[in-house]
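Worksheet: the structure to be examined is printed underneath.
Please treat every number below as a calculation from the coordinates, not as lab data. None of the values given here were measured: they were computed from a predicted structure. With ideal geometry, Cβ positions are generated from the backbone for all residues, glycine too; neighbour counts draw on all protein chains shown.
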Amino acid sequence: MSEIINDKTFGKMEYKHSWKKKESLLFLDKAYLVNIIAQAYSGDDIEEVQRERYLGYKKYLEEHEEEIISKLKEFCKSEYGASEPLDQCLTPTSVVFERDGSWGILFDTPYDEEHGVAMFVVNGAIKVGTQDLFL
């Protein structure tokens, strides 16, 4: 049986290995229904730093859109030889808020179905790689 809370910032969240809910994300001018995930161990509450990052992540995406797109394109081209538009090779699935304050977006890609792609903000720096580098 899963636990459900009504967090003061995230709203209704359900615990299944971490706190989760579904939410719309606008990325590359398309709306996607993604998982919003606040990483937590069983019995742990959501950390205040996770709430702070959640409140600011959409604004951060808007303000850093060009740099994020550039780094995602660069990664897809260098790792997979992909030259098509990003919306044809990346599909956002989750936004993850780590307990250390880092956060990022996980993407499915047909080029690497096992590992996918992730864009994470770590100590203010935008990093792109396979999901296993960040999770």
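Could you say which residue among D100, D132, D87 is exposed (fewer than 14 other Cβ atoms within 10 Å of the Cβ), in contact (Cβ under 8 Å) with a residue 40 or more places away in the chain, within 30 Å of E3 (Cβ to Cβ) and of a type in the set (D, E, K, R)?
D100
Name the residues in region 29-80 that are touching a Lys or Arg at 6+ places or on another chain (Cβ under 9 Å), of a type in the set (D, E) and more than 20 Å from E14 (Cβ to Cβ), would you?
If the condition is that a residue be touching a Lys or Arg at 6+ places or on another chain (Cβ under 9 Å), of a type in the set (D, E) and more than 20 Å from E14 (Cβ to Cβ), then no residue fits.
Can you find, within region 24-42, the residue that is surrounded by the most Cβ atoms within 10 Å (Cβ to Cβ) among those that are without any contact (Cβ under 8 Å) to a residue 40 or more places away in the chain and touching a strand residue (DSSP E or B) at 6+ places or on another chain (Cβ under 9 Å)?
L26
Within the bounds of region 49-58, is there any residue that is farther than 17 Å from L28 by Cα, of a type in the set (K, R) and under 12 Å from the mean Cα position of the chain (by Cα)?
Residues of region 49-58 farther than 17 Å from L28 by Cα: 49-56.
Add one more test, that the residue is of a type in the set (K, R), and what stays is 51, 53.
Filter once more, so that each one left must be under 12 Å from the mean Cα position of the chain (by Cα): 53.
Yes, region 49-58 contains at least one residue that is farther than 17 Å from L28 by Cα, of a type in the set (K, R) and under 12 Å from the mean Cα position of the chain (by Cα).
Being farther than 21 Å from L26 by Cα and aliphatic (A, V, I, L, M) is true for just one of V117, V122, V95. Which residue is that?
Numbers: V117 fails: farther than 21 Å from L26 by Cα; V95 fails: farther than 21 Å from L26 by Cα.
So the residue among V117, V122, V95 that is farther than 21 Å from L26 by Cα and aliphatic (A, V, I, L, M) is V122.
Condition check ((1) farther than 29 Å from S42 by Cα; (2) aromatic (F, W, Y)) across all residues:
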site	(1), (2)
C76	yes, no
P85	yes, no
Q88	yes, no
T93	no, no
F97	no, yes
E113	no, no
M119	no, no
T130	no, no
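Where in region 24-106 are the helices (runs of 4 or more DSSP H), entirely inside, with at least 3 residues that are touching a Phe, Trp or Tyr at 6+ places or on another chain (Cβ under 7 Å)?
Numbers: elements: 48-63, 65-80, 86-89.
By residue number, 48-63.
Is it the case that region 114-131 has a residue that's assigned to a helix (DSSP H, G or I), farther than 19 Å from F10 by Cβ, out of contact with any helix residue (DSSP H, G or I) (no Cβ under 7 Å at 6 or more places or on another chain) and of a type in the set (G, A, S)?
In the first step, residues of region 114-131 are kept if they are assigned to a helix (DSSP H, G or I); the result is 131.
Imposing the further condition that a residue be farther than 19 Å from F10 by Cβ reduces the set to 131.
Going one step further and asking which of them are out of contact with any helix residue (DSSP H, G or I) (no Cβ under 7 Å at 6 or more places or on another chain), we end up with 131.
Subsequent filtering for residues that are of a type in the set (G, A, S) retains none.
Within region 114-131 (the criterion being assigned to a helix (DSSP H, G or I), farther than 19 Å from F10 by Cβ, out of contact with any helix residue (DSSP H, G or I) (no Cβ under 7 Å at 6 or more places or on another chain) and of a type in the set (G, A, S)), the answer is no, since none of the residues qualifies.
Can you name the condition, by its number, that I126 falls short on among (1) closer than 28 Å to W19 by Cβ; (2) free of Cβ contacts under 8 Å to residues at least 60 places away in the same chain?
(2)
Answer yes if at least one residue in region 85-95 is among the acidic types (D, E), farther than 17 Å from G129 by Cβ and under 17 Å from the mean Cα position of the chain (by Cα), and no otherwise.
Here is the first cut: in region 85-95, the ones among the acidic types (D, E) are 87.
Going one step further and asking which of them are farther than 17 Å from G129 by Cβ, we end up with 87.
Add one more test, that the residue is under 17 Å from the mean Cα position of the chain (by Cα), and what stays is 87.
Yes, region 85-95 has at least one match.
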